[in-house]
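Q: The structure is given below, and queries will be raised subsequently.
Every read-out reported here was derived from the displayed coordinates using simple, explicitly stated rules and does not represent laboratory data. What you are looking at is a predicted structure, and each value in this text was computed from that prediction instead of being measured. Here the Cβ positions follow ideal geometry from the backbone for every residue, glycine too, while neighbour counts run over all protein chains shown.
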């Protein structure tokens with residue numbers, strides 16, 4: 001309010017602050033600074049403006065006792081100039097605040113107008129807002145127009161953002177609508193379902209290209225989801241099949257441990273034993289990976305290798321005589337002989353049994369072969385004896401030996417003992433035959 005009555009440059013309405021003469025005793029100040037501040041206070045209370053000259057100010061303040069606070073004219077003018085500079089800064093700030101408030105009020109006025117859009121022309125805006133004091137508070141017309149155009153730029157951004165958000169919302173609602181349609185699958189074609197969608201308002205609110213884009217994006221999502229489900233099912237199946245194989249291997253390990261499965265086991269026989277087991281049925285149902293027979297073959301390969309290693313070791317010992325095995329040995333005899341030596345400690349009981357059976361069979365075959373050979377050679381020698389007419393029921397070994405000791409048949413027997421047994425057997429037959437003839441003659445006489 002004080003500013004409204006301030007005198008302006010050129011028209012000076014000098015009103016002395018006090019109707020007193022300067023002849024009064026001046027006030028004495030303790031320091032130079034206090035004196036200067038008192039003088040500036042005088043200028044301020046006199047409402048001296050920043051564009052006043054020294055002469056203008058002096059006419060107003062000269063009658064005040066504070067005028068004499070500074071003793072020299074130079075000091076007063078220096079304080080006066082400092083005051084003017086401070087006053088200018090204050091006025092600049094006040095003007096800036098006023099202008100900022102005017103601009104803020106101008107923007108508020110625009111924001112309050114519900115009919116204002118980013119397409120409104122400036123000429124139309126003048127008509128709409130010209131009566132509003134907030135419009136006129138911005139003094140320069142060019143600044144009003146600039147503020148208006150700046151506001152329209154921001155308004156356009158907001159409108160675009162709002163439109164984009166609205167479009168995004170409609171897209172989301174349409175996507176939710178598609179997701180609620182259980183007849184849409186990953187392989188569904190747009191042309192086949194378009195008619196079923198168009199009656200819904202969420203469909204109608206979008207442009208044709210947006211409807212198709214959202215639909216295609218949803219189909220891609222369904223395809224990915226379907227692929228992911230396939231991948232999950234495939235992985236689950238793979239894990240289950242691996243578990244089935246592990247369970248089958250575990251069952252075979254148990255059968256190896258209890259002797260059911262060994263190096264001599266045939267798949268046909270083993271399969272007939274396990275064909276109803278859960279482990280076999282599970283692995284037999286696998287669609288990929290090793291099947292029961294292949295898993296069996298893997299185990300058999302390991303068992304056979306171990307068996308062959310154990311068999312070769314023990315066979316060498318039997319052959320060298322370190323294990324004096326006979327065809328008459330029982331399994332217990334063989335097992336006792338094997339387990340006496342620490343180097344056979346790693347040989348399993350089942351392999352000891354299998355090796356025993358193999359060795360016994362070989363020994364029996366060997367004995368049988370030797371017995372057949374002995375029989376054949378014996379028969380050859382007997383045939384020789386039959387062919388020697390000099391040998392009769394009364395002949396003795398010592399008397400007859402010279403008749404055949406140079407023959408191949410005799411030498412093939414490998415010694416006198418067996419030959420003598422055969423000779424005695426032959427003589428016994430001759431004697432029996434002689435007795436039979438005598439008996440028959442006696443019967444004829446009777």
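Q: Going by how many other beta carbons lie within 10 Å of each one, how would you line up 287, 155, 326, fewest first?
A: Fewest to most other Cβ atoms nearby, the residues stand as 287, 326, 155.
Q: Alpha carbon centre of segment 140-219 versus segment 277-296: separation in Å?
A: If you average the Cα positions of each part, the centres end up 56 Å apart.
Q: Moving on to the next point. Against the longest alpha carbon principal axis of the chain, how many degrees, from 0 to 90 and to the nearest 10, is the axis of helix 349-387 turned?
A: That helix lies at roughly 20 degrees to the long axis.
Q: Please report the relative contact order for the chain, taking Cα pairs under 8 Å with a sequence separation of at least 6, and give it as a percent rounded to a whole number.
A: Reported relative contact order: 7 percent.
Q: Please build a GNM for the chain, connecting alpha carbons under 10 Å apart, and tell me which residue among 36, 162, 192 fluctuates the most.
A: Comparing 36, 162, 192 in a Gaussian network model of the chain, the most mobile one is 36.
Q: Also, quick follow-up: With contacts defined as alpha carbon pairs under 8 Å and 6 or more residues apart, what's the relative contact order of segment 123-245 in percent?
A: 23
Q: To the nearest 500 deg cm²/dmol, what mean residue ellipticity at 222 nm is calculated for the chain from DSSP H runs of n ≥ 4 alone, each contributing -39,500 (n - 2.57), summed and divided by the residues?
A: Value at 222 nm, helices only: -23500 deg cm²/dmol.
Q: While we're here: Between the alpha-carbon centers of segment 57-96 and segment 379-414, tell me the distance in whole angstrom.
A: Distance between centres, Cα-based: 172 Å.
Q: With the Cα gyration tensor of segment 113-173 giving a ≥ b ≥ c as the square roots of its eigenvalues, does the rule (a/c under 1.5 for rounded; else a/b larger than b/c for prolate; else oblate) give rounded, prolate or oblate?
A: The shape class here is prolate.
Q: Classify segment 103-247 from the C-alpha gyration tensor, please: rounded if a/c falls under 1.5, else prolate or oblate depending on whether a/b exceeds b/c.
A: Prolate.
Q: Then there's this: Where is the GNM fluctuation largest for the chain (alpha-carbon springs, 10 angstrom cutoff): 336, 35, 204?
A: Comparing 336, 35, 204 in a Gaussian network model of the chain, the most mobile one is 35.
Q: If each residue's Cβ is checked for other Cβ atoms within 10 Å, how do 107, 296 rank with the fewest at the top?
A: In increasing order of surrounding Cβ atoms, one gets 107, 296.
Q: Separate question: What do you get for the angle between helix 416-445 and the principal long axis of the chain? Use alpha-carbon atoms, 0 to 90 degrees, nearest ten.
A: Around 50 degrees separate the two axes.
Q: Average projected area of the Cα convex hull of the chain, in nm²?
A: Taking the Cα atoms of the chain, their convex hull projects to 69.0 nm² on average.
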